[in-house]
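What follows is a short report on a single structure.
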Amino acid sequence: MNTGIPLYRLGDCLPAVFLSRPNRFVIRAEIDGKEALCHLHDSGRLGELLFPGNRITVRKAENGERRKTLYDVLSAVADDGEEILINSSLHRVLSETLLRNPEISPFGEIHSLRAEVKSGDSRVDFLLEKSRGVCLENIWVEVKGVSLSLGKTAMFPDAPSERAVRHLHNLMRLRQEGDRAAVLLLILRDALSFRPRFETDPAFHEAFYEAMASGVEFFPVQLSLERGVVYFREKRISIITKRGITAPCQYEMKNEKRKTFMKK
């Protein structure tokens, strides 16, 4: 596997064994032969990754003495041996690092970046400003982490998400008002294509393709976790259309610049 460009180091990781999941945000794990409660910062079902006996990694929580859970879950090992990041609290730092790097960002060079910007009744993950001639254009960006991949097809969501549907409708509104609007899909398991998972959330499936038709841009970006480091990987991931046809994604690679950058 091509390692790519490092985005984030997880720090001190501890190996553990998954035992059970009492609720959406707490798991029981065996760490150094002892059972411990760990915080799971991911509300997805993750059934293909979290099952009794599977290998996971955790790290000690910074404020563990004030919590019932002394550890945070970082990753789990897939059936093919690939280590998959399952901590959504890291999505912001990963996406911001990527968006600030013009060599790998789908938006190239930007003028400014703000996080958690209010729009209507909600907040959008990022508002970018990008030079367009003598003017600046707004680009509103929502970020979604995608850990589910079957047969090299990444899918989102793996649990119904009314919140994700609202995000898409908000982006459609912003697009109709004249701004650019986009979704950055962090593909956390090796994949060749992406589709919204109708089987899990029909409402998101419909909103996804409605957003595409209205001009919202979708950028699937391949990330990988290797030896405690999250990498960006230069890889084109296609988006499967509503008719089941594989279509090129909107991520236009700057190949020559990228090759030069990756040699440094």
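Against the definition (within 18 Å of the chain's Cα centre (by Cα) and outside the structural domain of residue 228 (by TED's automatic domain parsing)), how does residue 47 come out, yes or no? Can you show your working first?
On the way: within 18 Å of the chain's Cα centre (by Cα): yes; outside the structural domain of residue 228 (by TED's automatic domain parsing): yes.
Against the criterion (within 18 Å of the chain's Cα centre (by Cα) and outside the structural domain of residue 228 (by TED's automatic domain parsing)), residue 47 qualifies.
Looking at 79, 42, just one residue is more than 26 Å from residue 169 (Cα to Cα), outside any strand (DSSP E or B) and of a type in the set (Asp, Glu), and that residue is 79.
Looking only at residues of segment 18-71 that are surrounded by 21 or more Cβ atoms within 10 Å (Cβ to Cβ) and not hydrophobic (A, V, I, L, M, F, W, C), we find that the one that is nearest to residue 91 (Cα to Cα) is 42. Of all residue pairs spaced 6 or more apart or on separate chains, those with beta-carbon atoms under 9 Å, a first member in segment 94-120 that is within 18 Å of residue 185 (Cα to Cα) and a second member that is of a type in the set (Asp, Glu) and assigned to a loop (DSSP other than H, G, I, E, B) are 102/109; 104/234; 106/252. I'd like the residue in segment 103-129 that is assigned to a strand (DSSP E or B) and hydroxyl-bearing (Ser, Thr, Tyr) and, out of all such residues, is modelled with the lowest pLDDT. Among them, the one singled out is 122.
Of the residues 90, 70, which single one is closer than 21 Å to residue 16 by Cβ and over 19 Å from the mean Cα position of the chain (by Cα)?
On the way: 90 fails: over 19 Å from the mean Cα position of the chain (by Cα).
Exactly one residue qualifies, and that residue is 70.
The values are calculated or read from the model by the stated rules, or taken from the named source; none is laboratory data. Quick caveat: nothing in here was measured; it's all calculated off a predicted structure. Using ideal geometry, Cβ is built from the backbone for each residue, glycine included, and neighbour counts are taken over all protein chains shown.
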